[in-house]
Amino acid sequence: MITVIGRILMVSIAVILSSFFLPGVEVDSFLYAILVAVVLSILNTIVKPILVIFTIPITVLTLGLFLLVINAIIIILTDSLIGGFHVANFWWALLFSLVLSVIVSIFESFNKKEKDQRR
């Protein structure tokens with residue numbers, strides 16, 4: 001089981017790795033990556049459910065693809081809240097959210113394999 005601190009560190013590393021792959025995303029330091037992970041988790045906990053509820057009709061019409069737009073909006077909000085984190089535009093935010101999700105999923109799969117081997 002991943003603790004909250006472990007998850008934040010894992011997302012922070014994923015933010016740094018994503019910024020290396022994507023030229024439209026910049027993170028000034030690892031401290032800012034940690035702040036990005038914390039702010040993303042707060043926004044995903046508080047703001048994202050509200051946005052999802054308000055956009056249910058368009059989400060249903062787009063067969064769930066509008067949730068990618070909501071993820072990009074959360075990334076842009078994080079960019080506006082943290083000075084050391086910069087995303088060039090909406091499309092880079094959308095791509096950043098996809099790459100970040102893939103990297104975090106890979107990290108979580110390694111953690112699951114490790115947990116299964118301990119049993």
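FYI, it's all coordinate maths here, none of it is from the lab. As the structure is a prediction and not an experimental result, all values here were calculated from the model. Here the Cβ positions follow ideal geometry from the backbone for every residue, glycine too, while neighbour counts run over all protein chains shown.
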#### Entry: Residues of segment 71-97 classified as surrounded by fewer than 17 Cβ atoms within 10 Å (Cβ to Cβ) and in contact with a Ser or Thr (Cβ under 8 Å, 6 or more places away or on another chain), total
1
### Query
Going through segment 70-88 one residue at a time, which ones are touching a helix residue (DSSP H, G or I) at 6+ places or on another chain (Cβ under 9 Å) and among the polar types (S, T, N, Q)?
Asn71, Thr78
### Task
Name the one entry in Ile16, Ile2 that is within 30 Å of Gln117 (Cα to Cα) and outside any helix (DSSP H, G or I).
Ile2
### Message
Can you list residue pairs whose Cβ atoms sit under 6 Å apart, with the first residue in segment 51-79 being under 22 Å from Trp92 (Cα atoms) and the second being among the basic types (Lys, Arg) and surrounded by 13 or more Cβ atoms within 10 Å (Cβ to Cβ)? Count only pairs 6 or more apart in sequence or on different chains.
### Response
Ile74/Lys48
#### Entry: Pairs where the first residue, in segment 12-27, is of a type in the set (S, T, N, Q) and the second is not in a strand (DSSP E or B), C-beta under 6 Å, 6+ apart
Ser12/Ala33; Ser12/Ile34; Ser12/Ala37; Ser18/Phe96; Ser18/Val99; Ser18/Leu100
### Query
If you check every pair at least six apart or on different chains, which have Cβ atoms under 8 Å apart with a residue in segment 34-46 that is under 18 Å from Ser18 (Cα atoms) first and a residue that is of a type in the set (S, T, N, Q) and in a helix (DSSP H, G or I) second?
Ile34/Ser12; Val36/Ser12; Val36/Thr78; Ala37/Ser12; Val39/Thr78; Leu40/Thr78
